[in-house]
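Laboratory data are not the source of any read-out in this text; all were calculated from the coordinates shown. Source: prediction; values computed, not measured. When we count neighbours, we look across all protein chains shown, and the Cβ atoms used for this are built from the backbone with ideal geometry, even at glycine.
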């Protein structure tokens, strides 16, 4: 009897969660992925935590119909606003991206001086500071909101010449601090890694939570005996609420493959 493979459901405010998807595909190639990018309502950063929680719950309700074995909130803003709430609402494991990123930074820093960049909502929440201090109270942290970076990625302009100027301006303040690690506290930011490395210099290690999140997914599924087995080649499914052609183009460039994409239309509200 053929039993359909249960998927890992991954959600994001837009295309940023594709950085997590890429790592899951690399580390766990047998796992089926169902992804939802809420591109029509991105960015989440300027929105209130109540609105972000409402959007996150709406997407989770959509994804639950596919009976996933795990849900990953691959959005730092949504993790900060809604992780605990969503964990209380569903029966399957729900992971966020903040604690994996914090652990990776603690492991990487040599000086104990760590920078964090993220959306307004993520930085305002203080979630990274809390996660880092929980792991090591002696860590010195400087945080900076970078609201201009997500639109750069969502519009597919992250490799265009103007990206350098936007990144330079966004990182101008945090460059003044003697940090040796910079947490990319938004899953959109790894799209800009080359440019950020150029701006920050080789002495600052950029920390993406995507790699560590994929490791945590593997660990949790292994502990629960839920890792995919056998030789079945997974067929991934992608959904987005905004421009499907732009999403396909960015996904092809980032993942290096064509994707099966279904546009979803629902009520869209603008940031207040």
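Worth pointing out:
- 205, 32 arranged by Cβ crowding within 10 Å, fewest neighbours leading: 205, 32
- With neighbours defined as other Cβ atoms within 10 Å of a residue's Cβ, the residues 158, 189 order from fewest to most as 158, 189.
- Extended-chain gain in nm, criterion 0.36 nm per residue less alpha-carbon gap, residue 218 and residue 172: 12.9 nm
- Considering only 201, 156, 37, the Gaussian network model of the chain with Cα springs below 10 Å gives its largest mean-square fluctuation to 201.
- For the range 124-179, the spread of Cα positions along each principal axis, largest first, Å: 40, 23, 16
- Compared with the alpha-carbon gap, the fully stretched path from residue 258 to residue 246 is longer by 3.1 nm at 0.36 nm per residue.
- Solution diffusion estimate, µm²/s, Stokes-Einstein, the range 98-209, Kirkwood Rh from C-alpha pairs, 4 °C, viscosity 1.567 mPa s: 94 µm²/s
- Residue 162/residue 50 FRET efficiency (R0 45 Å; Cβ-Cβ; nearest 0.05): 0.85
- Förster radius 22 Å - calculated FRET efficiency between residue 27 and residue 64, Cβ distance, rounded to 0.05: 0.35
- Scattering curve values for the range 166-264, log₁₀ I(q)/I(0), Debye with Cα scatterers, q = 0.11, 0.18 Å⁻¹: -0.54, -1.04
- Relative contact order, percent, the chain [alpha-carbon distance under 8 Å, six or more residues apart]: 26 percent
- What separates the Cα centres of the range 194-251 and the range 139-178 is a distance of 21 Å.
- Restricting the calculation to Cα atoms, the chain shows an Rg/Rh of 0.95 when the hydrodynamic-style radius is the Kirkwood one.
- The label point for residue 133 and the one for residue 231, both projected 7 Å from the Cα toward the Cβ, are 5.4 nm apart.
- The range 14-135, relative contact order [Cα under 8 Å, separation at least 6], %: 25 percent
- Just checking the listed ones, 77, 262, 129: in the Gaussian network model of the chain with Cα springs under 10 Å, the one fluctuating most is 262.
- Gaussian network model of the chain, springs between alpha carbon atoms under 10 Å - residue of 123, 207, 174 with greatest fluctuation: 174
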